[in-house]
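A short worksheet on the structure shown next.
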Amino acid sequence: MSRKLISSGSPFEAQVGYSRAVVQGDWCFVAGTTGTDPETKVMPDSVVEQTANALKVIGRALDEAGFSFADVVRVTYYITDPAYWDDLGQATAPIFGDIRPAASCIVTGLIKPEMKVEVEVTAFKG
């Protein structure tokens, strides 16, 4: 079974030693992705904007891997404040509203204080 590694060019990938996504057979595992704007490399203050940016990066990784959001079967949200849960839907519902993958949300600290959300997904094509 072939294995394909996908990079988004994040400096953390080389620094820590991971891939943005790994395709193994019919599965695609996308690493936790935070909300830095993929074009400007600026971290917005809004959790909604951070989530939208994370989903852009995830969408690109899925596309490069030959998958789409329609293939996502699992999503995990990591947020730094439980109050952000109420805002996440502004960015996630337009993408996952009809797909409705299994989901979890964990309240935790993230690597840098400006990071409010991290999103990871698993996709399957069978």
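The values are calculated or read from the model by the stated rules, or taken from the named source; none is laboratory data. Just so it is clear, the structure is predicted and the values come from calculations on it, not from any experiment. Cβ sites come from the backbone with ideal geometry, for glycine too, and all protein chains shown count toward neighbours. Just the protein is used for accessible areas: all its heavy atoms, side chains included, with ligands, DNA and RNA removed. Shrake-Rupley method; radii C 1.70, N 1.55, O 1.52, S 1.80 Å.
Of all residue pairs spaced 6 or more apart or on separate chains, those with beta-carbon atoms under 7 Å, a first member in the range 58-70 that is part of a helix (DSSP H, G or I) and a second member that is surrounded by fewer than 17 Cβ atoms within 10 Å (Cβ to Cβ) and hydrophobic (A, V, I, L, M, F, W, C) are F69/I99; A70/I99. Close contacts from the range 97-126, counting a first residue that is under 17 Å from D26 (Cβ atoms) and a second that is part of a loop (DSSP other than H, G, I, E, B) and open to solvent by less than 60 Å² (accessible area, probe 1.4 Å), with Cβ to Cβ under 7 Å and a gap of 6+ residues or different chains, come to A123/F67; K125/F67. Applying the condition of being assigned to a strand (DSSP E or B) and basic (K, R) to the range 1-28 and asking which residue is farthest from the chain's Cα centre (by Cα) yields R3.
Within the range 81-126, the set of residues being touching a Gly at 6+ places or on another chain (Cβ under 9 Å), closer than 17 Å to G59 by Cβ, among the charged types (D, E, K, R) and part of a loop (DSSP other than H, G, I, E, B) comprises K125 only.
When the residues of the range 1-16 are filtered to those that are touching a strand residue (DSSP E or B) at 6+ places or on another chain (Cβ under 9 Å) and not hydrophobic (A, V, I, L, M, F, W, C), the one that is nearest to A65 (Cα to Cα) is K4. Here A31 fulfils each of the conditions (1) touching a helix residue (DSSP H, G or I) at 6+ places or on another chain (Cβ under 8 Å); (2) crowded, with 19+ Cβ neighbours inside 10 Å; (3) not in a helix (DSSP H, G or I) apart from (1). Scanning the range 40-50 for residues that are in a helix (DSSP H, G or I) and either touching a strand residue (DSSP E or B) at 6+ places or on another chain (Cβ under 6 Å) or surrounded by fewer than 15 Cβ atoms within 10 Å (Cβ to Cβ) (or both) yields V47, Q50.
Within the range 51-74, the set of residues being of a type in the set (A, V, I, L, M) and touching a strand residue (DSSP E or B) at 6+ places or on another chain (Cβ under 7 Å) comprises A54, L55, V57, I58, A61, L62, A65, V72, V73. Among the residues of the range 11-28, those identified as without any contact (Cβ under 8 Å) to a residue 60 or more places away in the chain and either aliphatic (A, V, I, L, M) or crowded, with 19+ Cβ neighbours inside 10 Å (or both) are A14, V16, R20, A21, V22, V23. Which residue, of D81, D63, D37, D71, is open to solvent by 90 Å² or more (accessible area, probe 1.4 Å) and either over 16 Å from V121 (Cα atoms) or not hydroxyl-bearing (S, T, Y) (or both)? D63 is the lone residue from the list that is open to solvent by 90 Å² or more (accessible area, probe 1.4 Å) and either over 16 Å from V121 (Cα atoms) or not hydroxyl-bearing (S, T, Y) (or both).
Conditions tested, residue by residue: (1) open to solvent by 40 Å² or more (accessible area, probe 1.4 Å); (2) under 20 Å from E13 (Cα atoms).
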| position | (1), (2) |
| --- | --- |
| V75 | no, no |
| R100 | yes, no |
| A103 | yes, no |
| K112 | yes, yes |
